[in-house]
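Okay, structure first, notes after.
The values are calculated or read from the model by the stated rules, or taken from the named source; none is laboratory data. Given the structure is predicted, the values throughout are model-derived calculations rather than measurements. All Cβ positions, even for glycine, are placed from backbone atoms using ideal geometry, and neighbour counts span all protein chains on display.
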Amino acid sequence: MKTWAWVLLVIAAVEAVLHVVLPSRSFNHEVDRLLYAIRSGRMNAPVVILGDSVARGIFENADLPPDRYAVAACNQAVETAGQYFLLRRILERHPGRPRAVIFCAIDPRAGDLRQPLTENYVQRCFTRWREIGACLRGTRDPAFGLKMAAYKLLASFRYRIHLQRRLAGVDDRAILTAAGRPAGAAGRAADAAHGLFARLNASLRHRRGERLSPRYLRRMAALLEARGIPLLILPAPTTPEQAAHCRRVMDKLRPLEDAYGNVTVLRELYRAYPPDHFADGWHLNARGLARHRPVIGQALQRADGEL
């Protein structure tokens, strides 16, 4: 066997071992932990709760029994596309079917997989071939899909931060700050290439029209409707300054309710609280959580009552 073939064989063997060893002990954030919990069968409750970090803070602080409520809300960077992928994985593992799904977010229609954290929370985490293909078709960005494929095939790439910290003693901040723009002509060439590709990618996205989140919200509704599972969209609480925007979001969700009989927007449970109820303008603090607890109780009663 030729030398290059032996090299490829060794690399494949190392990557195969890392794929087995690293997923259960290397977590970057809550999405890694959530995917591992789904894979381990710990999200098979009668009521599944999706949403952004606002929802996660609300429901995780509500002391819900995990055998009745599976809190799968996570960072907003996964957007509705990531929530859809999470839901599919939960349904695959569920021994029966959930009684209801609650989706709580500031705006479930917002997002187009173009955030600074998209790579860390979407491309790195959702690496099934079906998910890669869906993101490639949705974004129309070959580099987006190729990076997801690299994360799937190369565990050393997916868990590089953990490997560098363990093997070389380099912490996360040092890794991030060590990466810089090349100097001189190489840097200018890189900037030009990036600018050209960015313009091409923007043109492709513009031609496809609609953002990805509304598409995936419809897919989520259709997926659940086919299984006879209600989708309850719970508006997240905001400050009074954001109330008008939230009402516009709820109005824009009416066509979704009209198209899918299993979708209900719980408009009567929307609340606007004073700024001193929030830790940062979005996430409720202890005072806000206490005041919002009865609202969560009503939402859970609605979900528990669904057949």
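A few points about this structure:
Conditions tested, residue by residue: (1) in a helix (DSSP H, G or I); (2) closer than 15 Å to M220 by Cα; (3) at pLDDT 95 or above.
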{"residue": "A77", "(1), (2), (3)": "yes, no, no"}
{"residue": "A81", "(1), (2), (3)": "yes, yes, yes"}
{"residue": "D112", "(1), (2), (3)": "no, no, no"}
{"residue": "L136", "(1), (2), (3)": "yes, no, no"}
{"residue": "A143", "(1), (2), (3)": "yes, no, no"}
{"residue": "K152", "(1), (2), (3)": "yes, no, no"}
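- Selection status of A143, surrounded by fewer than 16 Cβ atoms within 10 Å (Cβ to Cβ) and of a type in the set (G, A, S): yes
- Just one of (1) of a type in the set (G, A, S); (2) surrounded by fewer than 16 Cβ atoms within 10 Å (Cβ to Cβ); (3) within 25 Å of F157 (Cα to Cα) fails for G96. It is (3).
- Residue match in the range 293-300 (condition: part of a strand (DSSP E or B), in the same structural domain as F59 (by TED's automatic domain parsing), surrounded by 18 or more Cβ atoms within 10 Å (Cβ to Cβ) and touching a strand residue (DSSP E or B) at 6+ places or on another chain (Cβ under 8 Å)): no
- Close pairs (6 angstrom Cβ cut-off, 6 or more residues apart or separate chains): of a type in the set (D, E, K, R) in the range 26-53, crowded, with 17+ Cβ neighbours inside 10 Å anywhere: E30/C74; D52/Q76; D52/A105
- Here L35 fulfils each of the conditions (1) surrounded by 19 or more Cβ atoms within 10 Å (Cβ to Cβ); (2) of a type in the set (A, V, I, L, M, F, W, C); (3) within 28 Å of H277 (Cβ to Cβ) apart from (3).
- Test: G281 is small (G, A, S) and under 25 Å from the mean Cα position of the chain (by Cα): yes
- Taking (1) of a type outside the set (A, V, I, L, M); (2) farther than 13 Å from C104 by Cβ; (3) over 25 Å from the mean Cα position of the chain (by Cα) in turn, G288 satisfies each apart from (3).
- For the range 123-132, the count of residues that are of a type in the set (F, W, Y), touching a residue at least 12 places away in the same chain (Cβ under 8 Å) and surrounded by fewer than 20 Cβ atoms within 10 Å (Cβ to Cβ) is nonzero.
- Candidates F126, F103 - the one that is closer than 20 Å to G51 by Cβ, outside the structural domain of G51 (by TED's automatic domain parsing) and at pLDDT 95 or above: F126
- For the range 21-62, a residue qualifies if it is more than 14 Å from the chain's Cα centre (by Cα), under 23 Å from A110 (Cβ atoms) and not β-branched (V, I, T), and the qualifying residues are G57, F59, E60.
- For A55, the test of being in a helix (DSSP H, G or I) and either out of contact with any strand residue (DSSP E or B) (no Cβ under 8 Å at 6 or more places or on another chain) or at pLDDT 95 or above (or both) is passed.
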